[in-house]
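Worksheet: the structure to be examined is printed underneath.
Derivation of every value follows stated rules applied to the coordinates shown; laboratory data play no part. Predicted, not measured: the structure shown is a model, and the values here were computed from it. Positions of Cβ are backbone-derived with ideal geometry, glycine not excepted, and every protein chain shown enters the neighbour counts.
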Amino acid sequence: MKVIVVGKGGREHALVTALVESDCAPEVYCYPGSDAILDVARELPGVVSDVDSLVAAMVAEGIDLCVGGEEVWLANGLADKARAAGIPTWGPVAQSAQLEASKQFAKEFMIRHDIPTGAYAVAENASEAKAAISSYPTVLKFDGLAAGKGVVICNKEAEADAFLGEVFEDRRFGEGRVLVEEYLEGPEVSVIATVADGSYQIFTPARDYKRLGDGDEGLNTGGMGAVASRELIEPELLAAIEERVMRASVDGLVKDGLDFRGFLYAGLMLTNDGPKVLEYNCRFGDPEAQAVLPLVGGDLATYLKKAAEGEIDESLISFDQSWSICLVMASAGYPTSSRSGDVVSGLDDVSDARVYHAGTVKNRDGKFETNGGRVLAVVARGSDRESARTRAYAEAQKVTFDGAQSRSDIGSMHFN
Ligand code: AMP
Ligand code: GLY
């Protein structure tokens, strides 16, 4: 089987690795990939720059399964076009990818199907947004894809004004509305399921750590680490999430006639009033994928191929019951900026963990150096949370580069 993963970050490195390790030993390609990914995956021949040429190149290569990693390709019709060309594709068609690409679409979907979520209002301009803010803190969200930068939690009016200026005056994210959302409190959890038409299977729950600093202090980032385990949430709570969120979402997709075959990610806040959905994504999470996928055994490639054709066959994969902890190392200046060109040392010394690259490039000497904000993730397993943590931190210590930033409380914060 020939499988291609579309994307280039740490999540795609983890997806490619899990597919390579599938029992059926598929030939795995990646586009556009990265130097680290293309050490384990094949490059797709043929020049490609947009969805049409990518699909043409996949057809020419005889690709049997396309796995969408990055949302932007799905929102731009990757699944529609690849499927039309006869390639089973994992990841929803553009219409259904609106669940991620438009926060308003997602909110209306949740309200329509009685899926628990925070109250909200839609604003066309800054004055409408300001009128909709009743108290602080409040949450403002740009209604479109903004690479994780379109959400701010405002503690005071000046912060709201600054964000509204960026959206409506500077048009930092292009044209679009803003959602004003009720501020919710509690620990977060990410529940990701494979969804094919009306059926689904929930993967190991995970939590990502979005703030730059320990104790959830500092700026929001793309994710500074993650923890995954079946034991992350109580069975009763997981059952409630399954019923009220995942089952309800999958049923809602069917009722609305929204074709969905792909990962459905529900970002949840576990509030005192029960779990509430913060967002949907129509792909695996990053860095959740780096934590969860090493726990998946069996034949992920065949599983996703069948699922892309409409059938979820749970017998094809298994989930390791251990804990997995993913530590992200970011470059100097992140998340405001990033620094390139810092050589990464110690990668060969890592023996008891996996390393997934997000922002690296090979230099002329063949050594990896930083090339982005989040540079790489070190992921270790353990039979319990503490042993996974100890191992992850011990292995991550072996990897160094100038200006590296990481958190010391991944897998411990939010646990009693
Ligand atoms: P989103 O992209 O919608 O998931 O938002 C990014 C992050 O902002 C979430 O993971 C939360 O940490 C935070 N966030 C989003 N919505 C809310 C909310 N209604 N209340 C509190 N925090 C939120
Ligand atoms: N970890 C959050 C996301 O992938 O959107």
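Computed over region 292-331, the percent of Cα pairs more than 16 Å apart is 47.
Output the relative contact order of the chain, whole-number percent, from Cα pairs under 8 angstrom with separation of 6+ residues. Walk me through the intermediate numbers first.
Working: 983 pairs, mean separation 70.1, N = 416.
Answer for the chain is 17 percent.
Considering only Gly373, Gln397, Val350, the residue lying farthest towards the positive end of the dipole of region 344-407 is Gly373, judged by Cα position with unit charges set on Cβ. From the P(r) of the chain, can you give the percent of Cα pairs sitting at distances over 35 Å? Tail of P(r) above 35 Å: 24 percent of Cα pairs.
Tell me, in nm to one decimal, what length is gained between Asp50 and Lys149 on full extension, where the rule is 0.36 nm per residue of separation less the Cα-Cα distance? Could the numbers behind the result be given before it?
Details: separation 99, 0.36 × 99 = 35.64 nm, distance 2.36 nm.
Fully extending the segment from Asp50 to Lys149 adds 33.3 nm.
For region 79-219, the calculated P(r) over all alpha carbon pairs, in 5 Å bins from 0 to the bin holding the longest distance, is 2, 8, 14, 19, 19, 16, 11, 7, 3, 1, 0 percent.
With the alpha-carbon atoms of region 1-90 aligned to their principal axes, the span from lowest to highest coordinate is 29, 24, 22 Å, starting with the largest. Here the contact order of region 1-142, divided by its residue count and restricted to Cα pairs under 8 Å and six or more residues apart, works out to 18 percent. Size descriptors for region 142-181: radius of gyration and Dmax over Cα atoms are 9.5, 25 Å. Note on Asp161/Asp402: beta-carbon distance plugged into 1/(1 + (r/R0)^6) with R0 of 30 Å gives a FRET efficiency of 0.20. Of all DSSP bridge pairs formed entirely within the chain, close to 80 percent run antiparallel. Summary of packing: across the peptides 317-327, 4-14, the per-residue average of other C-beta atoms within 10 Å ranks them, highest first, as 4-14, 317-327. Separation of the alpha carbons by more than 21 angstrom is noted, of Lys103/Lys276; Lys81/Lys305; Lys156/Lys276; Lys8/Lys149, for Lys156/Lys276.
With an 8 Å Cα cut-off and a minimum separation of 6 or more residues, compute the relative contact order for region 333-374 in percent. Rounded, it is 52 percent for region 333-374. Within region 374-416, find all residues whose amide N lies under 16 Å from a label point positioned 7 Å from the Cα of Ser345 along Cα-to-beta-carbon. Flagged as within label range: 396-405. Scoring 30-37, 158-165 by mean Cβ neighbours within 10 Å over their residues and listing the highest first yields 30-37, 158-165. For Lys306, a cut-off of 15 angstrom between C-alpha atoms picks up these aspartates and glutamates, skipping any fewer than 8 places away in its own chain: Asp23, Asp64, Asp197, Glu314. Working note: Debye formula, equal point scatterers on the alpha-carbon atoms of region 152-232, no solvent; log10 I(q)/I(0) at q = 0.15 Å⁻¹ is -0.82. Sorted from longest to shortest, the spans of the Cα atoms of region 218-362 along the three principal axes equal 51, 37, 30 Å.
Take the Cβ atoms of Phe415 and Glu243, set R0 to 30 Å, and the FRET efficiency comes out at 0.75. With one equal scatterer per alpha carbon and no solvent term, the Debye-computed log10 I(q)/I(0) for region 1-156 at 0.10, 0.15, 0.17 1/Å reads -0.48, -0.84, -0.95. Cα-based values for region 278-398, radius of gyration first and Dmax second, are 16.7, 46 Å.
Mean projection of the Cα convex hull over all viewing directions, computed for region 1-41: 2.3 nm². Restricted to Cα atoms, region 41-110 shows a radius of gyration and a Dmax of 13.1, 42 angstrom.
Please state, to two decimals, what the Cα-based radius of gyration of region 355-416 comes to when divided by 2.2 N^0.38 Å (N = residues). It is 1.29.
Hey, rough spin-label estimate for Glu314 and Asp197, points 7 angstrom out along Cα→Cβ, what's it come to in nanometres? Here the answer is 1.8 nm between the modelled labels.
Take the Cα gyration tensor of region 120-190, multiply each eigenvalue by 5, square-root it, and list the three semi-axes largest first, rounded to whole angstrom.
Details: eigenvalues 66, 45, 22 Å².
Over the Cα atoms of region 120-190, the ellipsoid semi-axes are 18, 15, 11 Å.
Highest average first, the peptides 373-382, 360-369, 83-92 ordered by how many other beta carbon atoms sit within 10 Å of their residues are 373-382, 83-92, 360-369.
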